[in-house]
Amino acid sequence: MKNKVPCLLAAVCSLGMMMMACKQSPEFVVTGIVAGADGQTIYLENVGLASVVLLDSFKLNASGKFTFKEARPDYPDFYHLRLNHQLINFAVDSTETVSIIADAGTFATSYTVEGSTWSTAIKEITLAQLDANQAIKRLRKEYEAGIISDTLYQQQVMTVINMYKEIALKYIYSQPMSTVSYFALFQQVDGLLFFDLYDKSDSRAYGAVATSYNHFYPESPRAKHLYNLALQSLKVLRSERMIDLDKIATEVNYLDVELPDLTGEKIKLSDVAKEKVVILNFTVYQSEWSAVLNTTLSRIYSNHHAKGVEIFQMSLDGDLHLWKNIASDLPWICVHDPQSVYSQAAALYNVKQLPAIFILNRKGILVKRVDDMNHLEKEVESVL
C-alpha cells in the first residue's frame, strides 16, 4: 500500500499537468464534415485587418471529414472556411475546438457550428448581410432598367441597410465586447460599411464596441484600429465623448477627389481646399429636394464666399445633359461623377443617402458632417 501512494500521486500530478497543458494549449482546432464535397478542396483562412491569409487546405474525400490545427491568436480573431466561392465565418477567442457540419451545395448558409460561443451569432449576421446584398442587387437591376429613379433607388437601399442594422444592433449594444459585435460593425454592402462613421447614431455603435475592446483587449491591433476609427468619427461629429480623446492626437484629413467640371477639366478637391473652408456636397439634381438644397447653398455662398468659403458640389446624376443644364447656372464648383450611384468617390466618404454634406476647415481637415440643411450656414460660420 505504501508503494502505491507515490504512484497514485504521480498519476494525479501527471493528470493535473495534462489538464493545465490542455487549458493553455497553444493551438486551436477546426474540425467537421462537409457532405457532397468528395474531391473538392476546403481552405482555412485568417481574415486580418488588411488582408486575408491562407493558412491551410485539405482535399476532402467521400466521408467529408476535415481537421485543421493552427496557432491560437493572442487576441480574438476572425477566420473562415472556403469551399469554391462560399465562406463560413467564425471567430476564435478562448475556443480550442470549433466543429462545423455543412453541405457542399449550401455551404455558406445551412451549416451548424459548435464549440464557439459567438460563431452561431456570426452566422446570423452573415446571413443578414447576404440578404442585404441580394436585395440591393435586385434594386440595382431595377435602377439600371429605368424602373426606379435615382432617389427611389437610394431610399430603398437605405431601407435594406436599416434592416441589417436592426439585427446587428441587438448584439452591438447588449454584448459590445463580443466578436460578433465587432464582426457586425464591419460588414459591407457594395463596398460600403453598413455602419456609417459620420452618422451620429452609427457613431455610438462604433464607440460602444471601441470602448469595450479597448478595455478588454487594449493591446490588440483590432482594438487600436477600432479606437482610432471611433476617434475619427467623434472628431468629425463633435458628439458625446465615449472614449478619451486626449489619448491620441490624430488629425482627420479628407480623402481627395478628382472629377471633371462642365468643360471636362478635372478638378481636385485638394486644390480647391487650400486655405479655404469647403462645403463638400454629394447630390443628385434630378431629385425633389435639389432645388431647396441649391437655394440654401446659394445663400451661404453669397454671404460667405468673400470670407473664404468654397463649395465643391459632386453630382451623381445619371442624366449628364440635365446636370450640365443646371450646373451651368451655379456659381460654385460643380463636378460630375460618371459612375453615378456606384460612385467610388461617394464610397470613400461612406455616403449611403443623399444629399450628403461635409465641411473641411482651412487646414484641410474634415471637421463636420451636416445632416440638417437648416443648420448648414450656422455650422459653416462656426468653422469660419
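Within the bounds of region 127-142, is there any residue that is under 22 Å from Thr41 (Cα atoms) and among the small types (Gly, Ala, Ser)? Checked region 127-142: no residue is under 22 Å from Thr41 (Cα atoms) and among the small types (Gly, Ala, Ser). Tell me whether region 77-85 contains one or more residues that are open to solvent by less than 60 Å² (accessible area, probe 1.4 Å), more than 26 Å from Tyr164 (Cβ to Cβ) and at pLDDT 95 or above. Scanning region 77-85, I find no residue that is open to solvent by less than 60 Å² (accessible area, probe 1.4 Å), more than 26 Å from Tyr164 (Cβ to Cβ) and at pLDDT 95 or above, so the answer is no. Look at Asn350 and say whether it is open to solvent by 10 Å² or more (accessible area, probe 1.4 Å) and assigned to a loop (DSSP other than H, G, I, E, B). The answer is yes for Asn350. Scanning region 107-145 for residues that are outside any helix (DSSP H, G or I) and either within 23 Å of Val29 (Cα to Cα) or at pLDDT 95 or above (or both) yields a count of 12. Cβ-Cβ distances below 6 Å connect the following pairs, each with a first residue in region 190-210 that is under 11 Å from Asn350 (Cβ atoms), a second residue that is of a type in the set (Asp, Glu) and modelled with pLDDT of 85 or more, and a separation of six or more residues or different chains: Phe195/Asp202; Asp196/Asp202.
For region 25-60, filtered to residues that are touching a Ser or Thr at 6+ places or on another chain (Cβ under 9 Å) and either in a loop (DSSP other than H, G, I, E, B) or among the acidic types (Asp, Glu) (or both), the residue that is surrounded by the most Cβ atoms within 10 Å (Cβ to Cβ) is Leu60. For region 173-201, residues that are surrounded by fewer than 18 Cβ atoms within 10 Å (Cβ to Cβ) and more than 8 Å from the chain's Cα centre (by Cα) total 8. Could you check Val309 against (1) over 21 Å from Leu366 (Cα atoms); (2) at pLDDT 85 or above; (3) aliphatic (A, V, I, L, M) and say which number it fails? Just one mismatch for Val309, condition (1). Any residue in region 156-163 that is at pLDDT below 90 and either more than 22 Å from Thr283 (Cα to Cα) or crowded, with 21+ Cβ neighbours inside 10 Å (or both)? The answer is yes, given that some residue of region 156-163 is at pLDDT below 90 and either more than 22 Å from Thr283 (Cα to Cα) or crowded, with 21+ Cβ neighbours inside 10 Å (or both). Taking the criterion of being touching a helix residue (DSSP H, G or I) at 6+ places or on another chain (Cβ under 6 Å) and open to solvent by 50 Å² or more (accessible area, probe 1.4 Å), the only residue of region 309-327 that qualifies is Gly318.
Is it true that Ala91 is small (Gly, Ala, Ser) and either within 17 Å of the chain's Cα centre (by Cα) or assigned to a loop (DSSP other than H, G, I, E, B) (or both)? Considered against the rule, which asks whether it is small (Gly, Ala, Ser) and either within 17 Å of the chain's Cα centre (by Cα) or assigned to a loop (DSSP other than H, G, I, E, B) (or both), Ala91 comes out as no.
The values are calculated or read from the model by the stated rules, or taken from the named source; none is laboratory data. All values derive from a computational prediction rather than experimental measurement. Cβ coordinates were reconstructed from backbone atoms using ideal geometry, including for glycine residues, and neighbour counts include every protein chain displayed. Each accessible area value is taken on the protein alone, full model and side chains, heavy atoms only, with ligands, DNA and RNA left out. Shrake-Rupley method; radii C 1.70, N 1.55, O 1.52, S 1.80 Å.
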